[in-house]
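The values are calculated or read from the model by the stated rules, or taken from the named source; none is laboratory data. Predicted model only: the values in this text are computed from it and were never measured. Positions of Cβ are backbone-derived with ideal geometry, glycine not excepted, and every protein chain shown enters the neighbour counts. Accessible surface is based on the protein model in full, side chains and every heavy atom, while ligands, DNA and RNA are left aside. Shrake-Rupley method; radii C 1.70, N 1.55, O 1.52, S 1.80 Å.
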Amino acid sequence: TGTYVGLATVGSFIHWYMRHGVKPLQLMRWGNCANFEDFSIDAALLPPSRKAIADEPCGSFSGDARRMAQSCALATLVAMEMRKAASAISVDESLLRMPPWQNQWLMLGIAAPTALHLAVTYIPQLGGVFGLAPLTKADWLSVLAFAGPVMIVEEVLKATGRRLKKKEESESEE
């Protein structure tokens, strides 16, 4: 799952820019933003307080725009890690057979970092220290889209482990 977590975190960062009209080639060459022709960020997708980002191509890769993309990436990482923690209630059993709410300490261990993440995202003084910006509804939908599949990956790995264990046990009985 580590590979997926890394790819999804970077993917959510890239996806933020792509949702706002930045083409992949422009993102790869962001250092040459002053030379971009016909470049603009879709201001309609930005919160009202961030509309000025759309006016300056190079500003799209620093300051508020970068903080918003970083916030999406961090939220994706936190969401995936909290989902992986929930899945860790059992190494072998599916979440359908052993739900995470059976362990209150695990639930507290998921709730506390989630609350801290929300605090650094939505309390301006903390967000400024960590280089984060509040997320929009569209940002959260993107976070969930990237973070959701980690549960599928975890469940597939558990199912594979159960099958291999069962196969080993049947072979050792013979």
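Numbers for the structure displayed
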| item | result |
| --- | --- |
| Cβ-Cβ under 6 Å pairs, at least 6 apart or on other chains, the stretch 1-19 side without any contact (Cβ under 8 Å) to a residue 60 or more places away in the chain, far side hydroxyl-bearing (S, T, Y) and part of a helix (DSSP H, G or I) | none |
| Residues within the stretch 131-170 that are open to solvent by 70 Å² or more (accessible area, probe 1.4 Å), without any contact (Cβ under 8 Å) to a residue 24 or more places away in the chain and of a type in the set (A, V, I, L, M, F, W, C), tallied | 4 |
| Residues of the stretch 3-17 satisfying the condition of being within 20 Å of M68 (Cβ to Cβ) and modelled with pLDDT of 90 or more | A8, T9, V10, G11, S12, F13, I14, H15, W16 |
| Failed item, numbered, when F61 is tested on (1) open to solvent by 30 Å² or more (accessible area, probe 1.4 Å); (2) closer than 21 Å to V22 by Cα; (3) modelled with pLDDT under 90 | (1) |
| Search result, residues across the stretch 85-126 that are at pLDDT below 90, open to solvent by 40 Å² or more (accessible area, probe 1.4 Å) and assigned to a helix (DSSP H, G or I) | W101, Q102 |
| Some residue of the stretch 22-38 being modelled with pLDDT under 80, aromatic (F, W, Y), touching a Gly at 6+ places or on another chain (Cβ under 9 Å) and not in a helix (DSSP H, G or I) | no |
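To keep it simple, each residue is scored yes or no on (1) touching a Gly at 6+ places or on another chain (Cβ under 8 Å); (2) within 19 Å of D64 (Cβ to Cβ); (3) of a type outside the set (K, R).
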residue: Q102; (1), (2), (3): no, no, yes
residue: L108; (1), (2), (3): no, no, yes
residue: A111; (1), (2), (3): no, no, yes
residue: T114; (1), (2), (3): no, no, yes
residue: T121; (1), (2), (3): yes, yes, yes
residue: L126; (1), (2), (3): no, yes, yes
residue: V129; (1), (2), (3): no, yes, yes
residue: K137; (1), (2), (3): no, yes, no
